[in-house]
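The values are calculated or read from the model by the stated rules, or taken from the named source; none is laboratory data. Given the structure is predicted, the values throughout are model-derived calculations rather than measurements. No Cβ is skipped: glycine too gets one built from the backbone with ideal geometry, and neighbour counts run over all protein chains shown.
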């Protein structure tokens with residue numbers, strides 16, 4: 001086969017978006033995925049699960065609104081566009097959005113499901129990418145292998161049929177009436193499975209433990225969402241790496257909280273149980289605790305918990321443990337080997353504004369990272385909000401020209417730096433005394 005322009009490794013939402021946006025560019029591309037079809041956390045496809053961003057933040061719309069691969073065109077093709085408008089609201093179910101992704105995948109002829117990439121190595125004028133079927137050549141690669149469950153150290157040796165990550169929730173056996181289930185983790189996934197257990201045929205008792213001081217809702221007002229716009233992302237990337245780390249931590253609840261509607265539904269369900277006098281017997285919520293020990297005794301799990309407030313340790317027993325402990329970037333050995341030569345910032349690979357890895361030594365072509373730059377590019381890099389924008393920058397970089405316009409919307413939140421010229425001239429012309437701070 002002739003040299004390709006780019007090969008994508010993994011076909012999740014991020015590389016699917018890239019494949020869709022590449023279609024009209026003339027770039028020669030192939031994308032590979034070990035799974036036999038597109039899937040998006042099928043073990044968490046609960047009936048009431050909602051997409052936490054606008055469905056207009058799909059594969060293409062915010063970069064190419066007239067693309068045939070938009071969510072609106074998906075609705076039109078499936079004869080649901082008017083019904084979607086009629087139902088009101090600005091969101092959709094995760095089930096419908098997954099079906100949208102699957103529809104996009106069926107429309108594209110550059111995707112190779114059931115063909116796993118097993119090696120990448122630099123070669124003449126590009127990269128040799130070896131799959132389970134053959135070896136391909138491309139002048140650039142985009143790594144989009146997604147995330148994997150993050151499992152606490154104390155649970156890694158006991159993961160099995162009754163201790164498992166929430167990502168596998170729907171794939172496990174139903175609960176028995178006399179079970180006591182411990183859910184660990186106070187984010188959206190933990191809240192969704194607790195709601196499911198409370199409203200469906202759940203266990204006899206649920207204990208919900210979280211290191212957070214409360215069940216914090218996602219910070220989701222219109223001004224906060226200005227942080228998920230291209231202009232903000234561009235400014236963020238210019239900051240020193242330690243400052244970027246601090247901002248990511250301070251803005252965590254803009255992407256890692258529980259939706260307010262779900263918080264309120266949970267509270268209502270628990271309140272009703274308290275009205276009937278059954279809450280204390282069936283439910284316990286433990287904030288500000290960490291799980292540090294799991295042992296098996298007499299056919300049950302014994303879990304050690306430590307208070308983050310008092311440092312007091314205590315233990316509970318449970319029949320099943322569900323780990324809603326988040327996700328982390330998936331690291332593949334051959335990708336890590338490739339990244340060994342990357343320049344580093346505070347221990348992390350240095351990424352350019354176009355998401356290309358910066359290497360210490362010359363490389364035969366660019367390597368782009370999807371969903372692995374939470375600190376380098378901010379929370380927007382692991383969120384669906386800027387998926388189309390991010391991929392437009394990758395495509396423009398591959399082409400060496402602005403195929404997709406790089407003119408972000410004007411934000412309503414201004415920065416002092418943008419006012420520098422005008423304000424600077426005023427300060428220079430002002431009398432010296434006027435520069436003194438005012439005294440109240």
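Values as computed for the structure displayed
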quantity	calculated
Close pairs (6 angstrom Cβ cut-off, 6 or more residues apart or separate chains): free of Cβ contacts under 8 Å to residues at least 40 places away in the same chain in the range 190-215, surrounded by 16 or more Cβ atoms within 10 Å (Cβ to Cβ) anywhere	197/206; 202/175
Residue list for the range 59-93, restricted to those being surrounded by 19 or more Cβ atoms within 10 Å (Cβ to Cβ) and under 15 Å from residue 20 (Cα atoms)	59, 60, 61, 62, 63, 64, 67, 69, 70, 71, 73, 74
Hits in the range 183-222 - residues which are outside any helix (DSSP H, G or I) and farther than 20 Å from residue 326 by Cα	200, 201, 202, 203, 204, 205, 221, 222
Filter result for the condition that a residue is out of contact with any strand residue (DSSP E or B) (no Cβ under 9 Å at 6 or more places or on another chain) and under 29 Å from residue 402 (Cα atoms), over 60, 85, 77	60
Residues of the range 335-351 satisfying the condition of being out of contact with any helix residue (DSSP H, G or I) (no Cβ under 6 Å at 6 or more places or on another chain) and touching a residue at least 12 places away in the same chain (Cβ under 8 Å)	335, 338, 339, 341, 342, 343, 348, 350, 351
Strands (runs of 3 or more DSSP E) fully within the range 300-339 counting 3 or more residues that are surrounded by fewer than 17 Cβ atoms within 10 Å (Cβ to Cβ)	300-307, 313-318
Matching residues in the range 12-26 - criterion: being farther than 16 Å from residue 367 by Cα and either in contact with a helix residue (DSSP H, G or I) (Cβ under 7 Å, 6 or more places away or on another chain) or modelled with pLDDT under 95 (or both)	13, 16, 17, 20, 21, 22, 25
Residues of the range 279-294 classified as farther than 22 Å from residue 176 by Cβ and not in a loop (DSSP other than H, G, I, E, B), total	7
Any chance residue 300 is in the same structural domain as residue 185 (by TED's automatic domain parsing) and either modelled with pLDDT under 95 or closer than 30 Å to residue 156 by Cβ (or both)	yes
Total residues in the range 12-45, condition more than 17 Å from the chain's Cα centre (by Cα) and either crowded, with 20+ Cβ neighbours inside 10 Å or in the same structural domain as residue 171 (by TED's automatic domain parsing) (or both)	9
Hey, residue 397 in a helix (DSSP H, G or I) and out of contact with any strand residue (DSSP E or B) (no Cβ under 8 Å at 6 or more places or on another chain) or not	no
